[in-house]
Amino acid sequence: MDNYDDIINLERPKNTTRKPMSAHDRAAQFAPFAALTGYDSAINETARLTDSKIELSEEELRELGEKIVFLAQHSHGKLLADFVYFVPDLRKEGGNYVTATGNVRKIDDFERVVIFTDGRRINLDDIFSIIIHI
């Protein structure tokens, strides 16, 4: 006779004063936890890549200026253009280059922005290139 032969076929004891724990709550006891709160988000933020802003040469700035003057004189919501411009990152040094396509409504020299017919705005100092669709 083995040590457990007398209890091996008995039913499991049931607690009469408490109802059984749900499987969800029981599983939660064994769920992993983050000992360092915010560590994962800090690692992900550090790993996120940004680009540095490219400085244009004098010739590139001159060509860009000519395109901006052309848009200012001929736009009024009729010209479609592609703008590649720099968007600074709010959390770390650098940013990303974004392409926006739209009809240019106005070039505002005072605020130094390009205003599209849909209300979007691009800072003139952040523009990298312009392609005008005539």
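Summary table
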read-out: Share of carbon and sulfur in the accessible heavy-atom surface of the chain [1.4 Å probe, %]; value: 55 percent
read-out: Net charge over other residues, Cβ less than 10 angstrom from the Cβ of Phe116 (K, R count +1; D, E count -1); value: +3
read-out: Gln29 paired with Asn3, simple spin-label distance in nm, labels 7 Å along Cα-to-beta-carbon; value: 2.4 nm
read-out: For the chain, alpha-carbon Rg relative to the globular expectation (2.2 N^0.38 Å, N residues); value: 2.25
read-out: Among Tyr97, Tyr39, Tyr85: highest mean-square fluctuation, GNM of the chain, C-alpha pairs under 10 Å; value: Tyr39
read-out: Heavy-atom accessible area per residue - the chain, 1.4 Å, Å²; value: 82 Å²
read-out: From phi via Karplus (6.51, -1.76, 1.60), per-residue ³J(HN,Hα) for the stretch 21-33 in Hz, x at Gly/Pro; value: 6, 5, 4, 5, 5, 5, 5, 5, 5, 9, 6, x, 10
read-out: Student exercise, the chain dipole from Lys, Arg, Asp, Glu Cβ charges, in Debye to nearest 20; value: 760 debye
read-out: The chain: most fluctuating residue of Ile43, Ile115, Ile107 per GNM, C-alpha cutoff 10 Å; value: Ile43
read-out: Rounded to the nearest 10 Å², the accessible area of Arg112 at probe 1.4 Å; value: 100 Å²
read-out: Modelled label reach - Glu63, point 7 Å along Cα→Cβ, the stretch 95-131 residues with backbone N closer than 14 Å; value: 128-131
read-out: Gain on full stretching of the segment that runs from Leu36 to Asp51 - 0.36 nm per residue minus C-alpha separation; value: 2.5 nm
read-out: Inter-site label distance for Thr117 and Phe70 at 7 Å from Cα along Cβ, in nm; value: 1.9 nm
read-out: C-alpha center-to-center spacing [the stretch 115-133, the stretch 53-81] in angstrom; value: 9 Å
read-out: Additional length obtainable on full extension of the chain from Thr16 to Glu93, 0.36 nm per residue less Cα span; value: 21.5 nm
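The values are calculated or read from the model by the stated rules, or taken from the named source; none is laboratory data. What you see is a predicted model, and the numbers here were worked out from it, not measured in a lab. Cβ atoms come from the backbone with ideal geometry, glycine included; neighbour counts cover every protein chain shown. Each accessible area value is taken on the protein alone, full model and side chains, heavy atoms only, with ligands, DNA and RNA left out. Shrake-Rupley method; radii C 1.70, N 1.55, O 1.52, S 1.80 Å.
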